[in-house]
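The structure appears below as structure tokens.
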Amino acid sequence: MSRYALVIHGGAGTLLRSAMTAEMEAHYSAALEEALQAGFSFLQQGGCSLDAVKAAVMNLEDCILFNAGRGAVFGADGRQEMDASIMDGKTRMAGAVSAVQHIRNPVELAYTIMQKSPHVMLNGKGAYEFAVAQGLATAPDEYFYSALRYEQWKQLQGSGTAALDHNVKVQDTNALPGTEGRKFGTVGAVAVDVHGNIAAATSTGGMTNKQWGRVGDSPIIGAGTYANNETCAISCTGHGEPFIRAVTAYDVSCLMEYKGLSLQEAMHLVVHDKLLKIDGEGGMIGVDAKGNTAMVFNSEGMYRGMKNSDGEQVVSIYK
Ligand code: ASP
């Protein structure tokens, strides 16, 4: 029996203590703790890492505080299109979905694509049709709507620029007092189970005011998500374009495989050196098959949490 562990994130970006009320901080911490427990309970019962990351990410998707599932950001056309992916480190099977609307839990769709289709990634309308054929839950626009996200989009509408949800400053919102619109984010989870199998999952609404069907790193296997029992399971968050160009999650795996770096060393090199050189703001969470965990970011903060079978639990937001 090996050490088991779950690590989650709720996005990285300009998260400053000075811009957050104690009440909002308590909300975020409670939400992160709840998601940790949702995934960790699978591991405690001897369940597999794949089920643990799916459960944790579904829990975060259901929480309106984060930019995934319910509470996803708005694109330039006022629509909420979501991306997600999941990967099993034991089999290296993967599933992903991009630019879907009205799917209640995009990570569940990614999982179902992996399990029930011969493909890795489905997109938009076709992905929706597959989800309906598989009996997955759908929901109307109202379910995904949040006043804060809408206000963030209004700040950028017509500007032609897209922004990380955490970095859009909303001057005036009655939706979530005390947040000042600088936080929230993409969600992800990585886990190692009692059998030493690892898995990773990521889910997002992408960037506020994104246009032309823009898709970020989150649904791209090797960029935003990767898992291989021989090396690591990684879920990323941050400015998707540099993360795609750096093949970020896979690069951590490569550094471990070909250079013999530890999980922490590999993640540190990628986040604080390689990504920074190409203006890649953000961070990542990781585990390896031995039960080592790491949470590394180069931004002001990253919503994050870790729980393991040694009884350790961490929930944190700032540097
Ligand atoms: N990486 C995501 C994207 O670029 C955004 C985020 O992590 O918040 O779509």
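One table, with the values for the structure above:
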quantity	calculated
Residues of segment 100-163: accessible area per residue with a 1.4 Å probe, Å²	50 Å²
Whole-number accessible area per residue in Å² for segment 232-289, which is evaluated in the context of all protein chains at 1.4 Å	39 Å²
Estimated distance in nm for a label pair at L16 and Q44, the labels positioned 7 Å out from Cα along Cα-to-Cβ	3.9 nm
Inter-label distance for E129 and K116, nm, one decimal - labels placed 7 Å from Cα along Cα-to-Cβ	1.6 nm
Simple spin-label estimate for K319 and A137 in nanometres, 7 Å along Cα-Cβ	3.9 nm
At least 27 Å along the helix axis (C-alpha) and Kyte average at least -0.5, DSSP helices within the chain	22-44
Chymotrypsin sites (Phe, Trp or Tyr not before Pro) within segment 108-137, DSSP loop, no more than 13 other Cβ atoms inside 10 Å	none
Modelled FRET efficiency - R0 41 Å, Y145 with E230, Cβ distances, 0.05 increments	0.45
Counted charge near G206, where neighbours are those whose Cβ lies closer than 14 Å (Asp, Glu -1; Lys, Arg +1)	-3
For segment 1-77: accessible area per residue (Å², 1.4 Å)	35 Å²
Approximate shape of the chain as ellipsoid semi-axes (Cα gyration tensor, √5λ), whole Å, largest first	27, 22, 19
Rel. contact order, % - alpha carbon contacts under 8 angstrom, at least six apart, segment 207-319	21 percent
Within the accessible area of segment 202-241 (1.4 Å probe), percent carbon and sulfur	55 percent
Estimated FRET transfer efficiency (R79, D310; beta-carbon r; R0 45 Å; 0.05)	0.55
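The values are calculated or read from the model by the stated rules, or taken from the named source; none is laboratory data. All values reported here derive from a predicted model rather than from experimental measurement. Every residue, glycine among them, receives a Cβ derived from its backbone with ideal geometry; neighbour counts consider all protein chains shown. Areas reflect the complete protein model, heavy atoms only, side chains present, ligands, DNA and RNA absent. Shrake-Rupley method; radii C 1.70, N 1.55, O 1.52, S 1.80 Å.
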